[in-house]
Amino acid sequence: MITLSIKIDPNNQNHRTALDTFLNALSAKPQLAAKPQPQPAAKPAQTPEQPALTIDEIRAAVQKKAGAHRDAIVEKLSELGAQNVSTLAPESYQAFIAFLNGLA
C-alpha cells in the first residue's frame with residue numbers, strides 16, 4: 001500500500017481540476033462540485049434624476065406664488081439659508097420648488 005499526501009488549495013480551480021482528473025484516473029471517479037464563479041455585483045437601481053433647475057425657473061415659480069404666499073416664501077428661503085432667491089444655493093432648488101408647488 002502506498003500513502004499519498006496531496007495538498008491543494010480548494011479555492012484554486014486548477015488544483016481542483018487536477019485532483020478531479022487524478023482521482024478519475026484511479027477509477028475512483030469522484031466528481032468534485034465545481035465551485036460557483038462569483039457573480040459580479042448587481043448594479044444598484046438607478047433612480048431617474050430630476051432635471052436640473054435654473055435660477056430663472058425658480059424666479060418664475062416665485063413670481064406665480066408671491067402674491068398670495070409672500071411671507072411663507074420668505075420664511076422658507078430663510079430656512080434654506082438664503083436671504084432671497086438670488087442667494088439660494090443650487091442644491092436647495094429642488095426642495096424649494098417642491099415647497100412652492102405645495103402652495104395652493
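The values are calculated or read from the model by the stated rules, or taken from the named source; none is laboratory data. All figures in this text were calculated on a predicted structure; none of them were measured in a lab. Note that we place each Cβ from the backbone using ideal geometry, even for glycine, and neighbour counts take in every protein chain shown.
Which ones in region 88-104 are in a loop (DSSP other than H, G, I, E, B) and under 29 Å from the mean Cα position of the chain (by Cα)?
Of region 88-104, the ones in a loop (DSSP other than H, G, I, E, B) are 88-89, 103-104.
Across region 88-104, the qualifying residues are L88, A89.
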Discussion item. Consider region 25-61. How many of its residues are modelled with pLDDT of 75 or more and in a helix (DSSP H, G or I)?
Written reply: 7
Discussion item. For region 88-100, give me each residue that is exposed (fewer than 11 other Cβ atoms within 10 Å of the Cβ) and either closer than 11 Å to I58 by Cα or at pLDDT 95 or above (or both).
Written reply: A98
Fill in: Residues satisfying the stated conditions in region 66-87, i.e. exposed (fewer than 14 other Cβ atoms within 10 Å of the Cβ) and not in a helix (DSSP H, G or I)
G81, Q83, N84
